[in-house]
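Reading through the structure tokens given below for one structure.
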Amino acid sequence: MKLEAEQRTLELRRLIEDANYRYYVLDDPAIPDAEYDRLLRELQDLEAAHPELLTPDSPTQRVGAGPLKGFAQATHDVPMLSLNNAFSEGEVVAFDRRAREGLEREGQIEYAVEPKFDGLAITLRYEQGLFVRGATRGDGSSGEDVSANLKTIRAIPMRLETVTPPAVLEVRGEVLMLRRDFDKLNQDARDQGEKTFVNPRNAAAGSLRQLDSRITAKRRLHFFSYGIGRVEGADLPGTHAEVMDWLAELRLPVARQRRVVVGVAGLMAYFNELGEQRATLPYDIDGAVYKVNRLADQERLGFVARAPRFSIAHKYPAQEELTVVEAIDVQVGRTGALTPVARLKPVFVGGVTVTNATLHNEDEVRRKDVRVGDTVIVRRAGDVIPEVVGSVLERRPLRDLLAPLHEPFVMPTVCPECGAPVLRLEGESAARCSNGLACPAQRKQAIIHFASRRAMDIEGLGDKLVEQLVDRGLVQTPADLYSLDLERVAGLERMAQKSAENLLAAIAASRHKPLARFVFALGIRQVGEQTARDLARHFGKLDALMAADAEALLRVADVGPVVAASIAAFFRESHNQAVIEALRQAEAWVDGEAQAVFAGRFSGKVFVLTGTLPNLTREQAKERVEAEGGKVAGSVSGKTDYVVAGSDPGSKLVKAEKLNIKILDETAFLHLLEKGD
Ligand code: IVH
């Protein structure tokens with residue numbers, strides 16, 4: 001009985017840690033959550049019945065323990081240093097030159113390159129393969145012993161995967177919070193009316209400094225290794241890249257994006273490649289880290305002050321900066337939604353100068369309590385619209401002195417554009433102007449959307465022109481664009497004869513677009529480009545789409561009840577019917593012609609992406625598929641036409657092989673894009 005319990009305990013621990021590894025390190029879950037919970041509960045029960053079987057490395061110990069009074073100090077055997085930064089190519093060139101001079105090297109240097117994780121530096125100490133202690137960086141010589149909290153991080157192995165563990169291994173790395181866990185944490189905080197965290201790094205830091213590790217356990221932290229400290233009883237390989245491979249074999253998490261490159265050209269190519277992926281990575285990074293690959297060379301180069309000479313952090317432009325709110329305006333969008341927008345003192349963030357940032361909606365402004373005069377954190381990540389993350393309350397000017405400036409924001413009760421009443425429906429976060437297309441602001445936005453590049457693509461018809469056309473009463477609906485004449489267009493401000501001719505030609509050329517574009521151009525709420533494509537493919541003709549009731553619309557893949565209701569309501573509206581009729585009269589839209597429903601090489605084809613491709617990011621590959629009218633699905637099924645597989649592909653590939661689905665590597669995929677089948 002006892003022996004049986006012991007064996008089952010060992011088996012359960014292995015199953016659970018394997019599941020942790022698959023889920024947290026490989027990002028390729030092997031068992032459903034419910035099964036995981038069952039295994040964990042069985043193990044807890046067994047350990048409760050046989051306390052002598054409980055060991056400190058058991059996965060049941062990852063749920064956290066009661067609060068500590070404080071953290072003990074932990075002295076670092078090998079100091080935890082920092083890196084020097086480079087902000088330009090010139091500084092990278094200088095770094096490489098210093099390294100070559102230091103090594104008296106004629107040729108190019110090989111570098112190991114990896115992301116610079118935006119989290120907190122941590123050291124983990126393993127003795128005889130068992131996790132014994134972990135600490136923060138602190139001042140570099142000693143930090144805080146946060147072992148209890150680190151134990152709750154399931155990406156951190158409690159036991160190294162090897163039969164010959166080194167006597168001592170210190171792993172250096174970064175604790176961070178994945179963006180999806182951060183979003184969820186903040187959403188939960190909002191639902192509970194609690195304070196939100198400003199960014200994933202602050203959330204990670206706050207979570208790791210909890211004296212009660214049960215709280216940390218709930219926060220879902222992650223870890224990536226990027227180096228080692230003290231090692232005893234193991235022969236180290238010759239290069240940093242091999243050290244990282246070794247850590248990966250021991251089942252420590254390492255970045256997939258690590259590579260080995262040669263010379264400055266290699267460094268810059270990596271920097272640009274990683275920069276393109278930055279917005280779509282599951283975690284925040286603030287740069288790339290370059291390390292001379294050969295450990296013997298690292299040793300030769302040594303350190304200067306508190307930073308190594310063999311390594312540098314090449315930083316991307318900051319995604320967050322401080323600035324001051326000069327005003328809060330309210331903008332009226334295409335659907336009448338009123339969006340509060342902060343007018344900011346210009347600030348350089350995420351690589352561009354930002355002067356406006358969205359505050360999303362009324363509730364969001366209240367929650368963040370952003371007021372005119374406040375110093376705020378502005379964030380611009382990738383191509384995402386800049387947003388105000390929150391106010392820095394310590395910097396709010398004294399209210400007594402500047403009282404009139406610092407009232408909390410209130411949403412206007414009438415539309416700032418047309419004066420109609422503003423309504424906010426129950427359950428909606430947006431307040432809307434109730435005037436529909438009678439509101440000039442909505443009319444303008446509808447026309448701007450209709451003409452935009454991804455819709456009817458009328459070149460040269462920008463915001464300013466649309467504003468003039470609507471304000472002068474020349475255009476009320478998109479259909480009116482097609483009856484504009486040269487005289488009236490040339491009479492507009494800053495409009496030369498030649499540009500007027502070009503504009504009219506562009507309007508004429510926008511006719512006869514595929515149905516998907518026309519449907520998207522109509523600006524139906526809830527209908528983005530992808531849904532417009534799905535609708536066009538499903539119905540084939542505009543008449544069929546217009547006649548469809550909610551039930552028929554629900555038969556379109558990916559259309560749910562909310563979207564279906566919105567589409568049906570749009571086509572029921574007599575004003576919209578009249579505009580569509582006028583567009584037909586103007587021959588802006590012609591049904592049943594030979595023109596494609598949706599022209600694209602991959603029309604109707606379903607792709608699944610798995611693993612890391614050598615050149616394209618997942619987002620880029622997805623864009624390419626969709627640009628050709630194909631669809632990217634999340635999982636492999638009988639409906640999948642192609643699986644595009646990179647390195648570390650995971651279970652999707654196995655399934656594709658089982659189902660006999662065509663598998664492409666990146667080269668074959670690109671070939672298919674160029675040439676078709
Ligand atoms: S190597 C001698 N690699 O950046 C220092 N650090 O400014 C060795 N960091 O405290 C550090 N990602 O917290 C290294 N791939 C990476 C990193 C990384 C993030 C952090 C680390 C360190 C700070 C240095």
Inset, instruction - Any chance you could give the angle, 0 to 90 degrees and rounded to 10, that helix 179-191 forms with the longest Cα principal axis of the chain? - result: 70 degrees
Legend entry - Between helix 89-102 and the chain: long-axis angle, C-alpha atoms, 0 to 90°, nearest 10: 20 degrees
Legend entry - Gain upon complete extension [Asp18, Ala5; 0.36 nm per residue less C-alpha separation]: 2.7 nm
Legend entry - Proxy reagent accessibility, fewest Cβ within 10 Å first, across His575, His360: His575, His360
Inset, instruction - Work through the residues other than Gln61 whose Cβ is under 11 Å from its Cβ and net out their charges, Lys, Arg +1 and Asp, Glu -1. - result: +1
Inset, instruction - Over 18 Å between C-alpha atoms is what I'm after, so list which of Lys195/Lys368; Lys69/Lys195; Lys622/Lys658; Lys195/Lys345; Lys184/Lys622; Lys444/Lys464 land there. - result: Lys69/Lys195; Lys622/Lys658; Lys195/Lys345; Lys184/Lys622
Inset, instruction - For helix 529-539, report the angle its Cα long axis makes with the longest principal axis of the Cα atoms of the chain; keep it between 0 and 90° and round to the nearest 10°. - result: 60 degrees
Legend entry - Cα pair distances of segment 596-660 binned at 5 Å [whole percent]: 4, 19, 28, 23, 17, 7, 2, 0
Legend entry - Whole-Hz ³J(HN,Hα) from phi, Karplus 6.51 cos²θ - 1.76 cosθ + 1.60, for segment 486-497, glycine and proline x: 4, 4, 5, 5, 5, x, 6, 4, 6, 10, 6, 3
Inset, instruction - Report the net charge of residues surrounding Glu52, where surrounding means a beta-carbon distance below 14 angstrom and charges are Lys +1, Arg +1, Asp -1, Glu -1. - result: -1
Inset, instruction - Work through the residues other than Ser635 whose Cβ is under 9 Å from its Cβ and net out their charges, Lys, Arg +1 and Asp, Glu -1. - result: +2
Legend entry - Point-charge dipole on Cβ atoms (K/R +1, D/E -1) for segment 104-173, about Cα centre, debye to 20: 400 debye
Inset, instruction - Collect residues whose amide H, placed 1.01 Å from N in the peptide plane, falls under 5 Å from the amide H of Gly390; neighbours closer than 5 in sequence don't count. - result: Ile377
Legend entry - Per-q log10 I(q)/I(0), segment 495-549, q = 0.15 Å⁻¹ (Debye; single scatterer per alpha-carbon; no solvent): -0.53
Inset, instruction - Using only alpha carbon positions, build the gyration tensor of segment 17-64, then give the equivalent ellipsoid semi-axes as the square roots of 5 times its eigenvalues, largest first, whole angstrom. - result: 22, 12, 7
Inset, instruction - Run the numbers on segment 348-478 and let me know its relative contact order in percent, using alpha-carbon pairs under 8 Å that are six or more apart. - result: 17 percent
Inset, instruction - Calculate the spin-label point distance for His671 paired with Thr75, positioning each point 7 Å from the Cα along the beta-carbon direction, and give it in nanometres. - result: 6.3 nm
Legend entry - Protection proxy ranking, peptides 278-284, 195-201, average beta carbon neighbours within 10 Å, highest first: 195-201, 278-284
Legend entry - Rh by Kirkwood over Cα pairs, then Stokes-Einstein D for segment 450-609 at 1.567 mPa s and 4 °C, µm²/s: 77 µm²/s
Legend entry - Cα-centred dipole magnitude for the chain, charges only on beta-carbon of K, R (+1) and D, E (-1), debye, nearest 20: 400 debye
Legend entry - Cα point-scatterer Debye curve for segment 119-212, base-10 log of I(q)/I(0) at q = 0.13, 0.18, 0.21, 0.22 Å⁻¹: -0.51, -0.85, -1.04, -1.10
Inset, instruction - May I ask you to work out the translational diffusion coefficient for segment 542-677 at 20 °C, viscosity 1.002 mPa s, via Stokes-Einstein with Rh from the Kirkwood sum over Cα pairs, reported in whole µm²/s? - result: 123 µm²/s
Legend entry - Computed label-point distance, nm, for sites Asp369 and Leu130 using a 7 Å Cα→Cβ extension: 4.9 nm
Inset, instruction - Return a whole-number percent for the relative contact order of the chain, with Cα pairs under 8 Å and 6 or more residues apart as the contact set. - result: 9 percent
Inset, instruction - Please order Arg453, Arg533, Arg371 by the number of other Cβ within 10 Å, starting at the fewest. - result: Arg453, Arg371, Arg533
Inset, instruction - Would you calculate the separation in nanometres between label points at Asn502 and Thr355, each defined as 7 Å from the Cα along the Cα-to-beta-carbon direction? - result: 2.4 nm
Inset, instruction - Let me know the whole percent of all Cα-Cα pairs from segment 1-125 that are separated by more than 24 Å. - result: 59 percent
Legend entry - 222 nm mean residue ellipticity, helices alone, for the chain (DSSP H n ≥ 4; -39,500 (n - 2.57); rounded to 500): -10500 deg cm²/dmol
Legend entry - Mean shadow area of the chain, taken as a quarter of the surface of its Cα convex hull (nm²): 38.0 nm²
Inset, instruction - Normalising by the residue count of segment 474-623, find the relative contact order in percent from Cα pairs under 8 Å and 6+ residues apart. - result: 28 percent
Legend entry - Centre separation in Å (Cα based) which lies between segment 120-152 and segment 311-352: 37 Å
Inset, instruction - Sort Asp18, Asp139 so the one with the fewest other Cβ atoms within 10 Å of its own Cβ comes first. - result: Asp139, Asp18
Legend entry - Bridge type composition, segment 557-677 - antiparallel percent by DSSP, nearest 5: 10 percent
Inset, instruction - Towards the positive end of the charge dipole of the chain, with charges on Cβ (+1 Lys, Arg; -1 Asp, Glu), say which of Val254, Gly266, Ser311 has the farthest Cα. - result: Ser311
Inset, instruction - Give me the percent of DSSP beta bridges within the chain that run antiparallel, rounded to the nearest 5. - result: 85 percent
Inset, instruction - Compute the length gained on full extension between His575 and Ser483: take 0.36 nm times their separation in residues and subtract their Cα-Cα distance, giving the result in nm to one decimal. - result: 31.3 nm
Legend entry - Estimated FRET transfer efficiency when R0 is 30 angstrom, pair Arg424-Ala552 (beta carbons, to 0.05): 0.45
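Read the figures in this text as sums done on the coordinates, not as results from a lab. Owing to the predicted nature of the structure, the values given are computational and were not obtained by experimental measurement. Note that each Cβ is placed from the backbone with ideal geometry, even for glycine, and that neighbours are counted across all protein chains shown.
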